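The values are calculated or read from the model by the stated rules, or taken from the named source; none is laboratory data. The structure displayed is predicted, hence computed values, not measured ones. No Cβ is skipped: glycine too gets one built from the backbone with ideal geometry, and neighbour counts run over all protein chains shown. Just the protein is used for accessible areas: all its heavy atoms, side chains included, with ligands, DNA and RNA removed. Shrake-Rupley method; radii C 1.70, N 1.55, O 1.52, S 1.80 Å.
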Amino acid sequence: MRVESLAVLFGLVVIMTILSPVTGDGVRVFLTTSNLFNIILASATFGVLAIGATFVISSAGIDLSLGSVLGLASVSGAALVVTLGWPWYFAILGSLAAGAAAGAVNGFIITRGRVPAFIVTLGMLGIARGLALIISNGRGIYGLPDEILFLGQARPWGVPTPVFILLIVALVSHYILAHTPFGHHTLALGDNENSARATGINVRRQRMMLYTISGLMAGIAGLIFTARVNTGDPTAGLNYELLAITAAIIGGTNLFGGRGSILGTMIGALIMGVLQNGLNLMAVQAYYQQMAIGAVLIAAVWLDQLRTRGRSAQ
Amino acid sequence: MSTLELSGVEKSFGAVQVLNGVDLSVSGGEVVGLVGDNGAGKSTLMKAITGVYSTDKGRITFDGIDITNLDPGKRREMGIEMIYQDLALAPQQDVANNIFLGREPTKRLLGLIPCFVDKSRIDVEAQEMIDRLGVQIPSIHIPVGMLSGGQQQTIAIARALTFKPKLVIMDEPTAALAVREVESVLNLIEQMRSEGIATILISHRLNDVFAACGRIVVLRRGNVIADLKRDETDMSEVVSYIVGAHG
Ligand SMILES: Nc1ncnc2c1ncn2[C@@H]1O[C@H](COP(=O)(O)OP(=O)(O)OP(=O)(O)O)[C@@H](O)[C@H]1O
Ligand SMILES: [Mg+2]
């Protein structure tokens, strides 16, 4: 799957290069350094979100609230620092805490109330977005301190800070999912919950932690968003759950659980970034872009289904 | 020698009372056959022992310790292992990881970063266990879901035996097996008995039960209605208890 995802990414880059407009000096706009940075920068936000999606989906869960929680985290951090005038680091703490708290609420209701994750996180999609709009009075909260702007706009060693943040988050997450007992238990849980329970894994605690991690990722993504645009934006991350889930699925995470890789998800996030950016350069309207992303999600799951069915028929 | 004691264990699913006050005791070095009709409550009773199901009433002790309210992980740590009727394997994970699921050995990566699953140790020890059981599988690195039913069965057995168990519960371990594999499971049970492990074997194949078990317990509608020594009973008596024709 990872090889295939890489092939898709490569193919997409070739296509976008060919279709890209050309600058005055005959360079393809798509291939300019500044555009490539744009792609990575945009991918960083939903890349972090896609990592959260990878954790829950590989445990046979789902988190539809990712985009809304991103928005909630964005305004929560900004409100503490800008509206209440607290020290700059409360923008970080506030965003991460808001994200993790929303995730924990999801996890709590899913595990204690036995309400399907699909319903709980769909409800949270509405609740978190509404809360974000209430906190911010429906308007962006502008003017964050330099320390926060550094996280979104600086380029130490020429590389945008969000890319560093994504790399660190991805590295830690890869370690957790692929190499720790927690990761093994996550995949086993997604594969066969009975198996996990029978071997003594605390299924409830595991799920609780997974949804909290997912929320925390939305918190980190919200912080990056705030820092990039210098605004706590209540509409931040609108429809991003679509991007995040699609990135995870085309990266090889099994929608039905049991399989998932952070590396694959990073490739998936880049694919989504290239797709979006390429369509932008071709001046394709946002409406059509939404359609394209939705279609990619359905196609990815469809292909995966065909493949697994083919395998079990052998 | 460890001893398992159940007294007055009750369990219902909603309005359906499945266990009606079960008393049972099993000691180390003993192989007990648990038989009964479909739906008699055998699997439910065993899941109550491993903690996968909580009980409504009654007490379960192991080695004198009350385990009634311990979670499955704690009971596993105490040496209670079960091979489930549905095997409870994770089909997309490889053979070695399945055997070590919930028990992953860890080390520090580069001597620094904690909680690194020691995959090479898992592979080595899983291979040893597979070899010891004489299981024929292509590789310990393939997903369990790609193995045959009988092979999966032996993987489930390997998982139960890898961690020095004191009590092993086998729910229909021979149902999916060919004659030769049945033989080797029965030999395995005899070996466990000689090592002082307590074993409970659930099976509908009375031949296997009589071959392996010194004691035979009959469950009927959630009650223990007979507790017989193999040498003092015969198949027709056991069958009459199972179908409810006795007394
Ligand atoms: N999770 C459950 N929820 C509701 N009812 C259950 C559940 N598990 C078992 N039962 C019911 O409890 C009764 C006993 O089931 P159990 O699986 O313990 O029987 P068994 O003796 O193992 O049968 P078999 O020989 O067919 O395996 C059955 O009537 C079954 O329908
Ligand atoms: Mg049963």
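Condition check for B:GLU195 on (1) open to solvent by 50 Å² or more (accessible area, probe 1.4 Å); (2) within 16 Å of ligand 2 (Cβ to nearest atom); (3) among the acidic types (Asp, Glu): one failure, at (2).
Going by what's in this entry, would A:PRO181 be described as surrounded by fewer than 22 Cβ atoms within 10 Å (Cβ to Cβ), within 23 Å of A:GLY237 (Cα to Cα) and either within 14 Å of another protein chain (Cβ to nearest Cβ) or touching a residue at least 40 places away in the same chain (Cβ under 8 Å) (or both)? No, not satisfied. Does at least one position in the range B:150-162 carry a residue that is hydrophobic (A, V, I, L, M, F, W, C) and open to solvent by 30 Å² or more (accessible area, probe 1.4 Å)? No, because not a single residue in the range B:150-162 is hydrophobic (A, V, I, L, M, F, W, C) and open to solvent by 30 Å² or more (accessible area, probe 1.4 Å). Does any residue of the range A:181-201 turn out to be at pLDDT below 95 and of a type in the set (A, V, I, L, M, F, W, C)? Checked the range A:181-201: at least one residue is at pLDDT below 95 and of a type in the set (A, V, I, L, M, F, W, C). A:GLY52 falls short on exactly one of the conditions (1) surrounded by fewer than 24 Cβ atoms within 10 Å (Cβ to Cβ); (2) assigned to a helix (DSSP H, G or I), and that condition is (1). Taking the criterion of being under 19 Å from A:ASN230 (Cα atoms) and not acidic (Asp, Glu), would at least one residue in the range A:11-22 satisfy it? No, that holds for no residue. Residues that are closer than 17 Å to B:GLY36 by Cα, part of a helix (DSSP H, G or I) and within 16 Å of ligand 1 (Cβ to nearest atom): does the range B:196-203 have at least one? Checked against the condition, which is being closer than 17 Å to B:GLY36 by Cα, part of a helix (DSSP H, G or I) and within 16 Å of ligand 1 (Cβ to nearest atom), the range B:196-203 yields no hits at all.
Inspection of the range A:145-165 finds a residue satisfying the criterion of being out of contact with any Asp or Glu (no Cβ under 6 Å at 6 or more places or on another chain), more than 14 Å from chain B (Cβ to nearest Cβ), among the small types (Gly, Ala, Ser) and assigned to a helix (DSSP H, G or I). Only residues that are in contact with a helix residue (DSSP H, G or I) (Cβ under 6 Å, 6 or more places away or on another chain) and surrounded by fewer than 13 Cβ atoms within 10 Å (Cβ to Cβ) were counted across the range B:106-130, and they come to 0.
Considering every residue within the range B:71-80, establish whether at least one is within 16 Å of ligand 2 (Cβ to nearest atom) and out of contact with any Ser or Thr (no Cβ under 8 Å at 6 or more places or on another chain). No, because not a single residue in the range B:71-80 is within 16 Å of ligand 2 (Cβ to nearest atom) and out of contact with any Ser or Thr (no Cβ under 8 Å at 6 or more places or on another chain). Within the range A:135-161, being touching a helix residue (DSSP H, G or I) at 6+ places or on another chain (Cβ under 9 Å), under 17 Å from A:THR83 (Cα atoms) and either open to solvent by less than 40 Å² (accessible area, probe 1.4 Å) or free of Cβ contacts under 8 Å to residues at least 60 places away in the same chain (or both) holds for A:SER136, A:GLY140, A:ILE141, A:LEU144, A:PRO145, A:GLU147, A:ILE148, A:LEU149. For the range A:189-209, the tally of residues that are free of Cβ contacts under 8 Å to residues at least 24 places away in the same chain and either acidic (Asp, Glu) or at the interface with chain B (Cβ under 7 Å from one of its Cβ atoms) (or both) stands at 8.
Annotation: of all residues in the range A:3-37 being open to solvent by 80 Å² or more (accessible area, probe 1.4 Å) and not hydrophobic (A, V, I, L, M, F, W, C), the one that is nearest to A:ARG155 (Cα to Cα) is A:THR33.
Applying the criterion of being within 11 Å of ligand 2 (Cβ to nearest atom), over 15 Å from the mean Cα position of the chain (by Cα) and crowded, with 20+ Cβ neighbours inside 10 Å to the residues of the range B:19-40, the residue that is farthest from B:VAL238 (Cα to Cα) is B:ALA40. Of all residues in the range B:45-71, which are buried (at least 20 other Cβ atoms within 10 Å of the Cβ), away from chain A (no Cβ under 14 Å) and hydroxyl-bearing (Ser, Thr, Tyr)? Selection gives B:THR55 alone.
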